[in-house]
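Okay, structure first, notes after.
The values are calculated or read from the model by the stated rules, or taken from the named source; none is laboratory data. In this text the structure is predicted, and so the values were computed from the model without any measurement. A quick note on method: Cβ atoms are made from the backbone with ideal geometry, for glycine too, and the neighbour counts reach across all protein chains shown. Heads up: the accessible areas ignore ligands, DNA and RNA and are worked out on the full protein's heavy atoms, side chains in. Shrake-Rupley method; radii C 1.70, N 1.55, O 1.52, S 1.80 Å.
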Amino acid sequence: MRLFGIRTMLSFRRFLAVGWMGVLGLGDVVQGGEYSDVEVSYGPVTTLAGVAHAVTTNPDGTGINFWLSDYEGMAAKHVSLSNPHIAAADAFGNTYIADKASHAILKISSDGLIRTFAGTHEPGFNGDGPAPAHTLQISFPNGLFVFPDGTVYLLDPGNHRIRKVDRAGIMTTVVNDADPSWMPSGRALWVSPDESLVYYSHEYPPIPPSLVASGAVIKQWTRSRGIGVVCSADVGFRNPANLAVNPLDGKLWVTDRAEEDLTKLETGLFRIDGVNQRTRMTGDVNEPKASTGQEALHSFIEQPRGIAFLADGSYFLCAHKDGNVWYVDVHGILHRYVQGSGKGDTYLINDGDRPPLNSKNVISQPRAVTLAPNGDLLVVSNDSGYLFRVRQIAPPILPGNLRVTSVGADGVRLQFSGEFGRGYRVERASSIAAPDWDSLGAVGGAPAGSVSMFQDLLPVPANAAFYRLLPAQ
């Protein structure tokens, strides 16, 4: 961890750097990019939540709500999920699940216990807040974005809204998209580090006599301009699933499941190069079926659904009908990381298994992949709904160049360089020898060439204040 102290007497302008402190277990960091590095930097698998069910849908095709009030506070691995679509984590060891059919966001705390975080488990709308998140109704949540400090954004497609839950558990509405053509669907959601930009998607209703969506739109919201269109339905999106921003160039990438496209021509992974401009990043149906060692650009991956970038631009990709979790290295080469099926409800993962798991189908129909602030890989799969974690075992990536940039009425501003995608917990004490440090929050590392900022808004002690950054849990 990196420590930095500031003397606060006089005009708050005398700073004292106290150098590096040793941390047990730290060493050389395994860098991503080559598949062998991914193999050695990730360790055992743990199933965090999920129970198999013979039937997972109601007669009308909607997912069954399996949530029971008795589940509150139970061990998550014994709890039934209800058509979960994505999971993400904060820097304190908590994991959040968009549990679509139970109309809630669930939270698994670091001790493995599960509780309702947002929503009431009944669809509907009873207000925009501000109000405790567990008292406000949400409908079919299937998009989620979590910041290292535990701030959560969620897609509430049944109510045409994007909601925010702050660190105190209070929910408000950030985006109210009154577009009457928004079907109660979405999935894709991304929020910039300063929360001034949001990307999201939604589908358009069928045009009779068709019963399937008539396309989809990619939108953005900014504080200054409100809602705008990134890619209209004319571009060709059908069922955008997840999206992510490449840390190397800041461009948006979108997975399109294109579920109803029987020709399979429209399914794929796409890079957004401008308004109504997209570039295909995986091959169409005329390319060879995906296999280890092939270029992603010239491989057909049926119904890609989840994407998560590493700092070097390599990424994990999962696909619904393809059934697999892939790792795509910096050269664009595919490596099957977890083998699965595009049908059925297979789940044969045992705690302690270590990827690559590619000798048989061990999962089915993966829905999302995300990377936790500590580097863990989170995967949601199966109609029954399972969440499993692949533990990052490489040493934590340490931040550098920690310094104070300003001290004033608005608090103390810290700046440092860290690894993109990793989270760092921020703590403060009045003495470097203090036995207990106060937790101020957490912040994520920025892409290469950028710096991360943190603002301490709490009153500064009269004599001195020392800050330290610790890796995410």
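Within the range 148-162, is even one residue surrounded by fewer than 22 Cβ atoms within 10 Å (Cβ to Cβ), farther than 23 Å from Gly375 by Cα and among the hydrophobic types (A, V, I, L, M, F, W, C)? No, the conditions are met nowhere in the range 148-162. Within the option set Asp273, Asp234, Asp261, Asp249, being over 21 Å from the mean Cα position of the chain (by Cα) and farther than 21 Å from Ser185 by Cβ holds for one residue only, Asp273. Per the conditions (1) within 23 Å of the chain's Cα centre (by Cα); (2) on the phi < 0 side of the Ramachandran plot, the sole criterion not satisfied by Gly449 is (2). Counting the residues of the range 47-77 that are at positive phi and either buried (at least 16 other Cβ atoms within 10 Å of the Cβ) or in a helix (DSSP H, G or I) (or both) gives 1.
Right, Leu440: crowded, with 21+ Cβ neighbours inside 10 Å and out of contact with any His (no Cβ under 8 Å at 6 or more places or on another chain) or not? Spelling it out, it is not the case that Leu440 is crowded, with 21+ Cβ neighbours inside 10 Å and out of contact with any His (no Cβ under 8 Å at 6 or more places or on another chain). Going by what's in this entry, would Ser69 be described as of a type in the set (Ser, Thr, Tyr) and modelled with pLDDT of 95 or more? So Ser69 passes the test. Selection of first residues in the range 411-427 that are more than 14 Å from Asp376 (Cα to Cα) and of second residues that are among the acidic types (Asp, Glu), restricted to Cβ pairs under 9 Å at least 6 apart or on distinct chains, gives the following pairs, ordered by first then second residue: Gly411/Asp456; Val412/Asp456; Arg413/Asp456; Leu414/Asp456; Arg425/Asp149; Val426/Asp149; Val426/Asp456; Glu427/Asp438. Taken together, Ser102, Ser139, Ser109 contain a single residue that is touching a strand residue (DSSP E or B) at 6+ places or on another chain (Cβ under 9 Å) and open to solvent by 20 Å² or more (accessible area, probe 1.4 Å), which is Ser109. Here His160, His202 are screened, and the one residue that is in contact with a Pro (Cβ under 9 Å, 6 or more places away or on another chain), within 19 Å of Asp256 (Cα to Cα) and without any contact (Cβ under 8 Å) to a residue 60 or more places away in the chain is His202. The condition of being under 30 Å from Met453 (Cα atoms) and not in a strand (DSSP E or B) holds for Glu195.
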